[in-house]
Amino acid sequence: MRNMKKKPTEGQGMRYVIMVMLSFTAAFLVSDAFGQGKAFTAVIDKDGVQRVEVTGGEYYFMPDHIIVKVNVPVELKIKKTAGVVPHDMVIHEPDAGIDFSETLEKEPKVILFTPKKIGKYLFYCDKRFLFFKSHREKGMEGVFEVVE
Ligand SMILES: [Cu+2]
């Protein structure tokens, strides 16, 4: 009973927080047009390197929408899920400073690059079994979004 006066304010505050959270979630869902996964924004560590970890499996990359800052070094750690299906990660965007082709192993591999140009750049797995659809066609594709 002694807190009767405070209660409405707290209630409103809570409602406000929930509304803000909901609108953020909505904006996030709308903004992520690529793939089914959520966009991942690389974290810039104290040493000035932005770090991202990507896992490849049948037939996806997780995350498949990676947001990195331009002109900040990226340390990309890639690996594959357990299983016998071979995968790789390929991207050829030399103008943007992102250009590599690496086989995915169960042990993580580290790739270093510095994105040089704002834009969206696709990466994919170029593996294919005989005459079947390529992994890329099956959905093994993602995008680096380089932002200011
Ligand atoms: Cu693959």
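Quick note: the coordinates plus some simple rules give every number you see, no bench work behind them. Here the structure is a predicted model, which means the values were calculated and not measured. As a convention, Cβ positions derive from the backbone with ideal geometry for all residues, glycine included, and neighbour counts pool all protein chains shown.
At-a-glance table
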| quantity | calculated |
| --- | --- |
| Cross-link partners of residue 117 among aspartates and glutamates (Cα-Cα below 14 Å; sequence separation of 8 or more within a chain) | 93, 95, 99, 145, 148 |
| Set 109/138; 46/106; 38/133; 38/80 screened for pairs whose C-alpha atoms are more than 22 Å apart | 109/138; 46/106; 38/133 |
| Counted charge near residue 107, where neighbours are those whose Cβ lies closer than 11 Å (Asp, Glu -1; Lys, Arg +1) | +4 |
| Sorted peptide list for 99-109, 67-77, criterion being average Cβ within 10 angstrom, highest first | 67-77, 99-109 |
| Neighbour net charge for residue 116 - beta-carbon separation under 15 angstrom, K R +1, D E -1 | -2 |
